[in-house]
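Asks: Have a look at the structure that comes next, please.
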């Protein structure tokens, strides 16, 4: 796994795109509490990847676990948002699928860090 900065990591790029998609999806949401919580979780995924990468070492793996936790948190919130009709079917399916893919990528990245050490 050769990279020189977090901006090169595909999982970071996808996490950033997901956060933008989520912001756009929730643009008209009037449930400000849920919207804020979901936006914070989405931003947290990419932010923790970046912070962990910059810290390096064992911190990187720890921050990847935190990012994965944020992805699970957001997935739960998206399920709830769909059930209460805050999120429509099409963005719901897209966001859930992307969150599952990001979680798998985070697991793979964490495992690759173990084999490096």
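Since every read-out is calculated from the coordinates, none of them should be taken as a lab result. Predicted, not measured: the structure shown is a model, and the values here were computed from it. So basically every Cβ, Gly included, is an ideal-geometry build from the backbone, and we count neighbours across all protein chains shown.
Asks: Between residue 116 and residue 76, take the C-beta separation as r, use R0 = 30 Å, and let me know the FRET efficiency to the nearest 0.05.
Replies: That pair, residue 116 with residue 76, gives E of 0.45.
Asks: Determine the calculated [θ] at 222 nm for the chain from helices alone, applying -39500 (n - 2.57) to every DSSP H run no shorter than 4 residues and normalising by the residue count; nearest 500 deg cm²/dmol.
Replies: Working: 4 runs with 95 residues, N = 117.
Here the helix-only value at 222 nm equals -28500 deg cm²/dmol.
Asks: Using a basic spin-label model with each label point 7 Å from the Cα along Cα→Cβ, how many nm lie between residue 84 and residue 40?
Replies: With each label point 7 Å from Cα toward Cβ, the separation is 1.5 nm.
Asks: When only Cα pairs under 8 Å and 6 or more residues apart are kept, what is the percent relative contact order across the chain?
Replies: 27 percent
Asks: Relative to the longest principal axis of the chain, what angle (0 to 90°, nearest 10) does the C-alpha long axis of helix 10-25 take?
Replies: 10 degrees
Asks: Grab the Cα-Cα distance for residue 13 and residue 31, subtract it from 0.36 nm times how many residues apart they are, and report the gain in nm with one decimal.
Replies: Contour length minus the Cα-Cα distance gives 3.7 nm.
Asks: Describe numerically, in nm with one decimal, the distance between label points set 7 Å from Cα along Cα→Cβ at residue 58 and at residue 21.
Replies: Taking the simple label geometry, residue 58 and residue 21 are separated by 3.5 nm.
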